[in-house]
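Have a look at the structure below before the remarks.
The values are calculated or read from the model by the stated rules, or taken from the named source; none is laboratory data. Everything numeric here is computed off the predicted structure, so don't read it as measured data. Here the Cβ positions follow ideal geometry from the backbone for every residue, glycine too, while neighbour counts run over all protein chains shown. Accessible surface is based on the protein model in full, side chains and every heavy atom, while ligands, DNA and RNA are left aside. Shrake-Rupley method; radii C 1.70, N 1.55, O 1.52, S 1.80 Å.
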Amino acid sequence: MDGASETIVVVGTPDGVRVAGRSVGAGLEGQNVTALAAGSDGWWAITDSRVVWRGGLDGAWERTAKIDELSGECLLAVDGRLFVGASEARLLQLNGQQLEAVAGFDAVEGRASWYTPWGGPADCRSMTIDGDENIYVNVHVGGVVKSTDGGESWRPTGLDIHADAHEVLARATIPGLIFAAAARGLEVSRDSGVSWSVESDGMHSRYCRAVAATSEHVLVSASDGPGGRNACLYRRAVESAGPFEKCVDGLPDWFNDNIDTGLLDARGGCAAFGMRDGRVFISDDQGSSWRLIEQGRLGINCLVVAPD
């Protein structure tokens, strides 16, 4: 996937699934697609934060399950299983055509301390899996929670819940390396979540909303705060602890909205991100340079760089 012609960027929009830069949709037209994930058994989507679909980029999608009472926030497809991160800090697993609460997640230590700055219940905002099949769930606000047994039992990692993490990312090829884009910078663990350090050298602001990694570089978005003023993208070598450099080639000096959770993704040497206003940018050289491949057609809710 190092060549531009081979890179497929899939976006969820208020009017279905699209391959960015193509004129033909990829299904679920008329549906507000709020989350996307690719798994070994195809693509998964959530529409209107309530309905789970399984399908493919050929446009054929099948309604699989309904999320009752909660809002589906994110998806993780693992070895033929599907996890749904939901509102009220709930984690659901698909069993046939039913979504069932993961009991071990409901019982995790420290759950009573989770919160949001505005006083509402916390959400499961993002999920990831590492090369040892440990699953990590980012709770907003509740830190990062980890399962080492495929999702049956859960325990908090060492990340302070007040770090206000927005997205968690594991590197399958580098044991122990976990990133979390947080309100105080990029949180980095090199021991599978036991300990964390805040790393933001070179950034104009510490407020980070999204993180992704190519084969050689980690990419993280930063801005002046929740409103997204002076938003931009930074990168550095994935195993480095040195300063970040701002991504500038092919990008505006600043964006006026956050490059948000679920809108930045990478695979191999390729990376892509979307903006809520409909712009999609792609890089084929580890995030060094970027080009605009779609602009203003529809708003974008989520984005995935398709696997090979």
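List of remarks:
- Subset tally (residues that are farther than 17 Å from Ser192 by Cα and without any contact (Cβ under 8 Å) to a residue 24 or more places away in the chain) for region 114-165: 4
- Screening region 135-191 for residues that are farther than 24 Å from Ser223 by Cα and among the aromatic types (Phe, Trp, Tyr) and picking the one that is least open to solvent (accessible area, probe 1.4 Å) gives Tyr136.
- Identity of the residue in region 72-98, at positive phi and among the charged types (D, E, K, R), that ends up modelled with the highest pLDDT: Glu88
- Restricting Tyr207, Tyr234 to those that are surrounded by 15 or more Cβ atoms within 10 Å (Cβ to Cβ), without any contact (Cβ under 8 Å) to a residue 40 or more places away in the chain and within 23 Å of Trp118 (Cβ to Cβ) reduces the list to Tyr207.
- Ala112 out of contact with any Leu (no Cβ under 8 Å at 6 or more places or on another chain), among the small types (Gly, Ala, Ser) and open to solvent by 50 Å² or more (accessible area, probe 1.4 Å): yes
- Scope region 60-78; condition assigned to a loop (DSSP other than H, G, I, E, B) and open to solvent by less than 50 Å² (accessible area, probe 1.4 Å); matching residues: Ile67, Leu70, Ser71
- So Leu57, is it in contact (Cβ under 8 Å) with a residue 40 or more places away in the chain, closer than 13 Å to Ala306 by Cβ and either touching a Cys at 6+ places or on another chain (Cβ under 7 Å) or exposed (fewer than 15 other Cβ atoms within 10 Å of the Cβ) (or both): no
- Against the conditions (1) part of a strand (DSSP E or B); (2) at pLDDT below 95, Val188 satisfies every one except (2).
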